[in-house]
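Asks: Can you keep this structure in mind? I'll have questions shortly.
The values are calculated or read from the model by the stated rules, or taken from the named source; none is laboratory data. A quick note: this is a predicted structure, and the numbers were derived from the prediction, not measured. A quick note on method: Cβ atoms are made from the backbone with ideal geometry, for glycine too, and the neighbour counts reach across all protein chains shown. Accessible surface is based on the protein model in full, side chains and every heavy atom, while ligands, DNA and RNA are left aside. Shrake-Rupley method; radii C 1.70, N 1.55, O 1.52, S 1.80 Å.
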Amino acid sequence: MREYLLTLCVTAAVTYLLTGPVRKFAIVAGAMPEIRARDVHREPTPRLGGIAMFFGLCAGLLVADHLANLNQVFEKSNEPRALLSGAALIWLIGVLDDKFEIDALIKLGAQMIAAGVMVMQGLTILWLPIPGVGTVALTQWQGTLLTVALVVITINAVNFVDGLDGLAAGMVCIASAAFFMYAYRIWYSYGIEAAAPATLFAAVLMGMCVGFLPHNMHPARIFMGDSGSMLIGLVLAAGAISVTGQVDPDVMKLFSGSERNAVHQMVPVYIPLLMPLTIIAIPAADLILAIVRRTWRGQSPFAADRGHLHHRLLEIGHSHSRAVLIMYFWSALIAFGALAYSVNSASMWIVLGVVGLSAVGLVLLLLPRFTPRAPRWAEAFVPPRYRRRRAAPAPGAAEGAASAEDAASAEAADDELRTPVPVGASGGPGVPGVNGATALGARSRVPRR
């Protein structure tokens, strides 16, 4: 465990320290695209945060290779090298996309090629534990197709959810933490060495996300871009593929005792089928809803819009930070709920706890729809959104007409003073030099370049 924690800390430190220089490089390189209609941020923000995350991945694997116990993972398995090869390819495509906006079909082809590179080096699904049937061995073509499909779905699910500051990195960090606990339990409790690569991948992935989050929390100073979202999606899929298709369930020797005990003990065998789905449950749901929504409108499944789950949370009335925390909550509830059920599936308290937390999550989700109103005597102590709206006076009322006109003129003058100035760049429409965050005027202290 100490070596895993050391690998996590080194990966997080390298990612954190490199993100600042990478931000300056992205600004110099011009990797600051214009604000699109679906974007939530107001100021152009540099991308290419995936560069720091990739070097953090390389540093974590390099440190693990020189540790006493984790060195055996590299000696007995080729999966870390397969992951590094596929990650390098998908990271390079993501960097080019952050700078030059590559077509979606080209990115899809690159994702399939990266998955094929990992399959050629041994990171593939060999068998599947199916409830009621047992362990089913897959042919080479079946394993390859299933591996490529899982990699592509995971990468695009994480890429789709990357829409708010700190959302994708935080959700993947939560999912990888639950996955690390599960894989470490399989490796340590059952003594199965085949689960060690998945445990290492989860620890490195946590370090990448933890090191990048301080720079990416709202308001974000840098975005990970496709170079980062596709990279962490690939690492997440690699860990799921490793523990799902490489660990032989028969090695756990869980077929002892009565039939009822055997069913309860076989839960850790079936959880690998569900764990890859639970760790990307929220991104996968967003992906499926986006595809159905766009095809129903006659659009391409790759067409961008503002119908994602995080956009809907903002439309309901949640703030940016609250929307991110709600997505964190649901991701943690699903991932750690599945983890707790795999440890003790016979406990009814786990099911009741998950149901209770789900009810709390629904209340938090719908809270802006049921905004409470404070009584009259407490309106001076609460924010304006909790105060009751005062009824406007009747049009024919003569009493107080002059005061109403004065108030209306004052309000109109105040609105005129606070009318936002359109954001414009040099040579484009709008007012040049206007700050996008305030939309009121240019910053006097910052010289224009």
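Asks: Can you name the residue in region 63-112 that is without any contact (Cβ under 8 Å) to a residue 24 or more places away in the chain and among the aromatic types (Phe, Trp, Tyr) and, of all such residues, is farthest from Ala195 (Cα to Cα)?
Replies: Result: Phe100.
Asks: Same structure again: Would you please list the contacts, defined by Cβ atoms under 9 Å and residues six or more apart or on different chains, that run from a residue in region 306-331 that is open to solvent by 50 Å² or more (accessible area, probe 1.4 Å) and in a helix (DSSP H, G or I) to a residue that is modelled with pLDDT under 80 and acidic (Asp, Glu)?
Replies: none
Asks: Let me ask something else. Kindly indicate whether any position in region 64-82 is exposed (fewer than 14 other Cβ atoms within 10 Å of the Cβ), aliphatic (A, V, I, L, M) and within 30 Å of Tyr4 (Cα to Cα).
Replies: There is at least one residue in region 64-82 that is exposed (fewer than 14 other Cβ atoms within 10 Å of the Cβ), aliphatic (A, V, I, L, M) and within 30 Å of Tyr4 (Cα to Cα).
Asks: To continue, here is another question. Name the helices (runs of 4 or more DSSP H) wholly within region 53-124 that hold at least 3 residues that are within 24 Å of the chain's Cα centre (by Cα) and farther than 23 Å from Trp141 by Cβ?
Replies: Hits in region 53-124: 79-100, 104-120.
Asks: When both residues are 6+ apart or on different chains and their Cβ atoms are under 6 Å apart, which pairs have a first residue that lies in region 139-163 and is crowded, with 20+ Cβ neighbours inside 10 Å and assigned to a helix (DSSP H, G or I), and a second that is among the hydroxyl-bearing types (Ser, Thr, Tyr) and modelled with pLDDT of 85 or more?
Replies: Thr147/Thr124; Val158/Ser229; Asn159/Ser229
So that you can scan it fast, the table gives a plain yes or no per residue for (1) more than 17 Å from Ala238 (Cβ to Cβ); (2) touching a Cys at 6+ places or on another chain (Cβ under 7 Å); (3) not aliphatic (A, V, I, L, M):
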{"residue": "Asn71", "(1), (2), (3)": "yes, no, yes"}
{"residue": "Pro80", "(1), (2), (3)": "no, no, yes"}
{"residue": "Ile102", "(1), (2), (3)": "yes, no, no"}
{"residue": "Leu108", "(1), (2), (3)": "yes, no, no"}
{"residue": "Met118", "(1), (2), (3)": "no, no, no"}
{"residue": "Trp127", "(1), (2), (3)": "yes, no, yes"}
{"residue": "Val136", "(1), (2), (3)": "yes, no, no"}
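Asks: Would you confirm whether any residue within region 26-34 is under 25 Å from Met217 (Cβ atoms), at pLDDT 95 or above and surrounded by fewer than 23 Cβ atoms within 10 Å (Cβ to Cβ)?
Replies: Among the residues of region 26-34, not one is under 25 Å from Met217 (Cβ atoms), at pLDDT 95 or above and surrounded by fewer than 23 Cβ atoms within 10 Å (Cβ to Cβ), which makes the answer no.
Asks: Residue pairs, Cβ under 6 Å, 6 or more apart or interchain, first in region 12-25 and surrounded by fewer than 21 Cβ atoms within 10 Å (Cβ to Cβ), second not hydrophobic (A, V, I, L, M, F, W, C). List them.
Replies: Filtered contacts from region 12-25: Tyr16/Gly211.
Asks: Now a separate question. Quick one: in region 347-374, which of the residues that are loosely packed, with under 10 Cβ neighbours inside 10 Å and modelled with pLDDT under 70 is nearest to the chain's Cα centre (by Cα)?
Replies: Arg369
Asks: Scanning for something touching a helix residue (DSSP H, G or I) at 6+ places or on another chain (Cβ under 8 Å) and assigned to a helix (DSSP H, G or I), does region 217-224 turn up at least one residue?
Replies: no
Asks: Of all residues in region 294-304, which are surrounded by 15 or more Cβ atoms within 10 Å (Cβ to Cβ) and at pLDDT 75 or above?
Replies: Arg294
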